[in-house]
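**Q** Right, I'll just put the structure down here and ask away after.
Quick note: the coordinates plus some simple rules give every number you see, no bench work behind them. These figures come from a predicted structure and were not determined experimentally. Reconstructed Cβ throughout: ideal geometry from the backbone, glycine too, with neighbour counts over all protein chains shown.
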Amino acid sequence: MTENIYIPTDIVDKSSKYQSLIPQIKALVEGEKDIIANLSNIMSALKYGMDFFWVGCYFVKDNELVLGPFQGPVACTRIAFGKGVCGTSWKEKKTIIVPDVNKFPGHIACSSDSKSEIVLPVFNSNKDVALVLDIDSANLNTFDAIDQQYLEEIVQLIESLL
Ligand code: SME
């Protein structure tokens, strides 16, 4: 039986939150081999641990991105190569931080409540993008280099589970 994710309420700065959360996420997936089960719990831990608006992943399938495990409001199911923030992260094989989604050309608005986002590519052992991790915030300017640093640690964990 897994325990709930617990971030002490006196932790307010986000580096400390990630530092508390990441070992808990590692423990959560330990001993489980099923990727959907693991991704589902990782998305939940990230959403509720960090209090994000939407956290989910899109798998590369037949040259499209297809919605995978997520937490938050319903989302677009398919995204084309190079389209939106997710499709751009896939195409450019890099993390993209968008401080204001309304200023990102071609942004795909699944929800008008999403104001800023970060998308990180997750690579398979052939160095191809296998999926992207998409995190949305209901506020502008939420994500910076600190989020990128810790979320890339979570990406490495996901890569080790693929
Ligand atoms: N914002 C994304 C689409 C996915 S939703 O945010 C869940 C994009 O432009 O790629």
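**Q** Put +1 on the Cβ of every Lys and Arg and -1 on every Asp and Glu Cβ in the chain; which of Val155, Ile11, Asn102 then has its Cα farthest towards the positive end of the dipole?
**A** In the chain, that residue is Asn102.
**Q** Quick one: check the C-alpha center-to-center distance for the range 122-162 versus the range 9-52, whole angstrom.
**A** Cα centres, the range 122-162 to the range 9-52: 13 Å.
**Q** FRET efficiency for Ser125 and Gln149, Cβ-Cβ distance as r, R0 = 30 Å, nearest 0.05?
**A** According to the calculation, E is roughly 0.80.
**Q** Sorted from largest down, give the three principal axis spans of the alpha carbons of the range 115-162, whole angstrom values.
**A** 35, 16, 14
**Q** Just want to confirm a number: the relative contact order over the range 9-161, from Cα pairs under 8 angstrom separated by 6+ residues, in percent.
**A** Relative contact order of the range 9-161: 21 percent.
**Q** If you take the charge dipole of the chain about its Cα centre, with +1 on Lys and Arg Cβ and -1 on Asp and Glu Cβ, which of Pro121, Phe53, Met43 is farthest toward its positive end?
**A** Checking the options against the dipole of the chain, the answer is Pro121.
**Q** In addition: About the Cα centre of the range 9-161, what is the dipole size in debye to 20, counting +1 per Lys and Arg Cβ and -1 per Asp and Glu Cβ, all else neutral?
**A** 360
**Q** Same structure again: Can you pull the one-decimal nm distance between simple spin-label points at Asp13 and Gln156, each 7 Å off the Cα toward Cβ?
**A** Once both label points are built, they end up 2.2 nm from each other.
**Q** Please grab the % of Cα pairs in the chain that end up more than 28 Å from each other.
**A** Tail of the P(r) past 28 Å holds 15 percent of the pairs.
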